[in-house]
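Remarks on the structure that follows.
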Amino acid sequence: MEDNHYKIKYHAMSVVGNTRTHNEDNLFCDGYTRPYEDDETYSKSGEILSRDNKMLAVFDGIGGEEKGEIASSIASNATKSAVFTGENVGEKILDFTRSINQSVRQYAVDNEIESMGTTFAGAVFTNRGIHIGNVGDSKVFRLHNGKIHQLSVDHVLPKELAFNNIITQYIGMKEERSALDPAISFQEYIPGDRYIICSDGLTEKLNIEQVGALCHVAETVTDATDILVSQALCAGGNDNITVIVCELENC
């Protein structure tokens, strides 16, 4: 595929929600993460270029696990030193998930914590296209010509086997229990497409059609993020909510 240059506008927001006392979500945007000790609303907007091979990502500390906010912070901060340049970006995302899995596990061992973890969902924007990776049930969507498609894979038990979502894959899992198996995929650039990366605090309150419709009518990525978060809060907002909306443009 011929190399092209693209600009990616983004806006990210993370809120504690209506009922939680702490925000166990985190994110990575253009070198920045959310300070996990600060439960105030986090908001960041900006632009990145495809030639920089940068990742935008969401991490959701797993509910019911110990120190979920620490796990998501370890994973998001480790993204600062991750390198996705060159060839085989999909393989680099796979190596990245194994590395952050080991970091979270090591923290748990060093601090005598039986179990802690976080989900991961991210996109690396390169000149040749967009590489998607995820572990757990945080999601990546693509909005193209008003139609939304989920690109991530939900690592959860089938509904007929579990009353609530039971995550089968997460960052921080013990490798001897089950092999870490991230979902990796590739998308070509189409200018005007929007990408939504989010924790399940959004999708527990808004279904995929609602997410697509709200994001489609929003004029800017900032408007899209604002309306998605506000609608999820109005629908109950009983979990932390983290959303990144990106829009692709030709340079």
*Confirm whether Ala57 is surrounded by 22 or more Cβ atoms within 10 Å (Cβ to Cβ) and either outside any helix (DSSP H, G or I) or in contact with a His (Cβ under 7 Å, 6 or more places away or on another chain) (or both).*
yes
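Name the residues in segment 75-95 that are in a helix (DSSP H, G or I) and touching a residue at least 40 places away in the same chain (Cβ under 8 Å), would you?
First, the residues of segment 75-95 that are in a helix (DSSP H, G or I): 75-81, 89-95.
Those that are in a helix (DSSP H, G or I) and touching a residue at least 40 places away in the same chain (Cβ under 8 Å): Ala75, Ser76, Asn77, Thr79, Lys80, Val89, Gly90, Ile93, Leu94.
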*What about Ser115, is it of a type in the set (Gly, Ala, Ser), more than 13 Å from the chain's Cα centre (by Cα) and open to solvent by 40 Å² or more (accessible area, probe 1.4 Å)?*
no
*Which of the residues belonging to segment 11-53 are buried (at least 18 other Cβ atoms within 10 Å of the Cβ) and of a type in the set (A, V, I, L, M, F, W, C)?*
Ala12, Met13, Val15, Val16, Leu27, Phe28, Cys29, Ile48
*Got a sec? Which helices (runs of 4 or more DSSP H) wholly within segment 144-246 have at least 1 residues that are out of contact with any strand residue (DSSP E or B) (no Cβ under 9 Å at 6 or more places or on another chain) and open to solvent by 70 Å² or more (accessible area, probe 1.4 Å)?*
208-217, 221-234
*Cβ pairs under 9 Å, 6+ apart, first in segment 1-30 and at negative phi and of a type in the set (Phe, Trp, Tyr), second in a loop (DSSP other than H, G, I, E, B) and open to solvent by 50 Å² or more (accessible area, probe 1.4 Å)*: Tyr6/Pro191; Tyr6/Cys251
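The values are calculated or read from the model by the stated rules, or taken from the named source; none is laboratory data. The structure presented is a predicted model; accordingly, all values stated were derived computationally and were not measured. No Cβ is skipped: glycine too gets one built from the backbone with ideal geometry, and neighbour counts run over all protein chains shown. When the accessible area is computed, the model is the full protein with side chains, heavy atoms only, and any ligands, DNA or RNA have been set aside. Shrake-Rupley method; radii C 1.70, N 1.55, O 1.52, S 1.80 Å.
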